[in-house]
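*Asks:* So that we are looking at the same thing, I have put the structure below in structure tokens.
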Amino acid sequence: MNTILIIEDHEDVNLMLAQALTDAGYTVKSAYSGTDGLMEIRNHSYDLILLDIMLPYKSGDEILKETRRFSDVPVIMISAKDVVGTKIDLLQLGADDYITKPFDLGEVVARVESNLRRAHKQLQNDKVFRYKDLALDSNTKRVTANAVELELTATEYLILELLLKHSGKVFTKSNLYESVWKEEYIGDDNAVKTHISNLRNKLKRANPDEEYVETVWGLGYRLYKP
């Protein structure tokens, strides 16, 4: 089931969008300010984002610009401005689509479905994820580092795949646990720590001179950034 983040400060509009998308079968999370929205994007994985331009504390275009530094999640901008220049600017910043207020809920749902289909198709076409000398083939489930094939457990594979798909994003222990184990995180981080440690050890044996997974102290884990 796809999860959608709605960042819209007008509560009635946010609730209306959330209800329409929930009725269409999506899981929905709502944020009502720019800062809360960006925090959600940084700390959780979403399949698509509906992003208003005019937001308190941090504008939609600022959020879009920052999001594109670490994620290629589809973003549909929502604005009361039906100006060609505005649309072009946002598309050049990395927006995938643009909806003008007032909008038809049926059109919003159709745009969401269209962008998700496009993103899923692209993901299927790009089956091999690469980072440094590391390669993960999501079709064959084969992982190599320094031309050495790694024997990973299913959980280690899923953790590495998640990090590679969202290169540069910091995943907290709760993010990793809920994304990989598909269960609610209740604060026991031993499982995450153990699998991260085992994954690192296998990568280190394949290439002792390279670092792949970085601990961001106080936050979580991401692919190593020199």
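*Asks:* Mean projection of the alpha-carbon convex hull of region 138-226 over all orientations, in nm²?
*Replies:* Mean orientational projected area (region 138-226, Cα hull): 5.9 nm².
*Asks:* Please report how far the C-alpha centroid of region 129-174 lies from that of region 1-65, rounded to the nearest whole angstrom.
*Replies:* If you average the Cα positions of each part, the centres end up 28 Å apart.
*Asks:* Output the Kirkwood hydrodynamic radius of the chain, Cα pairs only, in Å rounded to one decimal.
*Replies:* Over the chain, the inverse of the mean reciprocal pair distance is 18.9 Å.
*Asks:* Hey, what angle do you get for helix 84-93 against the long axis of the chain, alpha-carbon based, 0 to 90 degrees rounded to 10?
*Replies:* Tilt relative to the chain: about 10 degrees.
*Asks:* Counting pairs of alpha carbon atoms under 8 Å apart in space and at least six apart in sequence, what relative contact order in percent does the chain give?
*Replies:* Worked out over the chain, it gives 14 percent.
*Asks:* Looking at the chain, send over the antiparallel percent of its DSSP beta bridges, to the nearest 5.
*Replies:* 45 percent
*Asks:* So what is the diffusion coefficient of region 3-124 in µm² per second by Stokes-Einstein at 4 °C and 1.567 mPa s, using a Kirkwood Rh over Cα pairs? Can you show the working numbers first?
*Replies:* Values: Rh = 14.2 Å.
Diffusion coefficient, whole number: 91 µm²/s.
*Asks:* Once a ≥ b ≥ c are taken as the square roots of the eigenvalues of the Cα gyration tensor of region 179-226, is the result rounded (a/c under 1.5), prolate (a/b larger than b/c) or oblate (a/b not larger than b/c)?
*Replies:* Prolate, since a/c reaches 1.5 and a/b exceeds b/c.
Bear in mind these aren't lab numbers, they're just calculated from the coordinates by the rules spelled out. Values in this document were obtained by computation on a predicted structure and should not be read as measured data.
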